[in-house]
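Participant: Before we start, here is the structure in question, set down as structure tokens.
The values are calculated or read from the model by the stated rules, or taken from the named source; none is laboratory data. What you see is a predicted model, and the numbers here were worked out from it, not measured in a lab. Every residue, glycine among them, receives a Cβ derived from its backbone with ideal geometry; neighbour counts consider all protein chains shown. Just the protein is used for accessible areas: all its heavy atoms, side chains included, with ligands, DNA and RNA removed. Shrake-Rupley method; radii C 1.70, N 1.55, O 1.52, S 1.80 Å.
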Amino acid sequence: PSPAGSPIMPASMPELPEIRITTDGACKGNPGPGGWAAILRYGEKELVLSGHERDTTNNRMEMTAVIQALGALKKPCRVRLSTDSRYVMDGLTKWIHGWRRNGWKTADKKPVKNAELWQALDAAAARHEVSWVWVKGHAGNPEALLESEALRIAFYKAVATYLRAFAAIAQNLE
């Protein structure tokens, strides 16, 4: 072990800010219109992020929520990330190592689904110390109430975008 104050271990290491993030994504149909939401908390401060896509999948929305949340952090942080997506959590903590090693192919040599999002998620998480917490859906989770509202807004925006596009197509058929 190196003594404190050596070039390897400076006498005073700056403490990383501790951020709590809760994420979720949803989709009506799979694929279909979908939305994502993330809540970032630092002390008493809170930031709600959300977005939507007209034609997407549930997994893509779950991943996008995490990518956007981690990407919103301006400097490296210690992050406690809560998600109800085993797909995202297991993908980044277990499966991604093999995918990278296999050139973004699965064990049975098929291309990894959503590889571009996995790569973006991998890069976004690499800047931070992330500890993952799996939560069961929205059951009994107080953070999920605000998250659900943000997600509902994002989802309705996605549906509205889809309906406007559908109306424009229908108008062109007349």
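Participant: Rolling a 1.4 Å sphere over the protein heavy atoms, what is the accessible area per residue of segment 20-100, to the nearest Å²?
Facilitator: Numbers: 3670 Å² over 81 residues.
Computed with neighbouring chains in place, this is 45 Å² per residue.
Participant: Rank by packing, highest mean first: peptides 109-117, 69-77, 55-63, with packing defined as the count of other Cβ atoms within 10 Å averaged across residues. Don't skip to the end; give the middle numbers.
Facilitator: Details: 109-117: 13.3, 69-77: 16.0, 55-63: 21.4.
Going by the mean number of other Cβ atoms within 10 Å, highest first, we get 55-63, 69-77, 109-117.
Participant: Quick one, can you get me the convex hull of the C-alpha atoms of segment 37-134 expressed as volume per residue in Å³? Before the final figure, lay out the partial values.
Facilitator: On the way: hull volume 10.0 nm³, N = 98.
Here the figure is 102 Å³ per residue.
Participant: Which ³J(HN,Hα) values, rounded to whole Hz and listed in residue order, are derived for segment 16-23 from phi using the Karplus coefficients 6.51, -1.76 and 1.60 in 6.51 cos²θ - 1.76 cosθ + 1.60 with θ = phi - 60°, glycine and proline given as x?
Facilitator: Whole-Hz 3J(HN,Hα) from phi for segment 16-23: 6, x, 9, 10, 9, 10, 10, 10.
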